[in-house]
Amino acid sequence: MLRAIIVSAERDAVELLSEALAGTGRAGVVRTLDRYPAAPELLRVLRAHAPQLFFLDVASLDEAL
């Protein structure tokens, strides 16, 4: 099963995407972040969970960058 991380402040979007991924039977969400993390925190999360899929909400592109 593929491990996914979702970064989004939109709770509804996270729930919908999580359900859609689970419905495939091929991917599952191992971590969600409800804000854009600073680089050191993001690196820790990536190292800890080693995701194969990473979903980043870019509704606020300046903050995401």
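The values are calculated or read from the model by the stated rules, or taken from the named source; none is laboratory data. Remember, predicted model here, so these are calculated numbers, not experimental data. As a convention, Cβ positions derive from the backbone with ideal geometry for all residues, glycine included, and neighbour counts pool all protein chains shown. When the accessible area is computed, the model is the full protein with side chains, heavy atoms only, and any ligands, DNA or RNA have been set aside. Shrake-Rupley method; radii C 1.70, N 1.55, O 1.52, S 1.80 Å.
Within segment 13-65, the set of residues being over 18 Å from L2 (Cβ atoms) and charged (D, E, K, R) comprises E15, D34, R35, E41, R44, D57, D62, E63. Would a scan of segment 40-51 turn up a residue that is under 16 Å from S8 (Cα atoms) and touching an Asp or Glu at 6+ places or on another chain (Cβ under 8 Å)? Within segment 40-51, none of the residues are under 16 Å from S8 (Cα atoms) and touching an Asp or Glu at 6+ places or on another chain (Cβ under 8 Å). Suppose the filter is surrounded by 12 or more Cβ atoms within 10 Å (Cβ to Cβ) and modelled with pLDDT of 95 or more; does R31 pass it? Yes, satisfied. For segment 34-65, filtering for residues that are in contact with a helix residue (DSSP H, G or I) (Cβ under 9 Å, 6 or more places away or on another chain), at pLDDT 95 or above and among the aliphatic types (A, V, I, L, M) leaves 2. Being open to solvent by less than 60 Å² (accessible area, probe 1.4 Å) and not in a helix (DSSP H, G or I) is the filter; apply it to segment 16-28 and report the residue that is nearest to H49 (Cα to Cα). Only one residue tops the list, namely G28.
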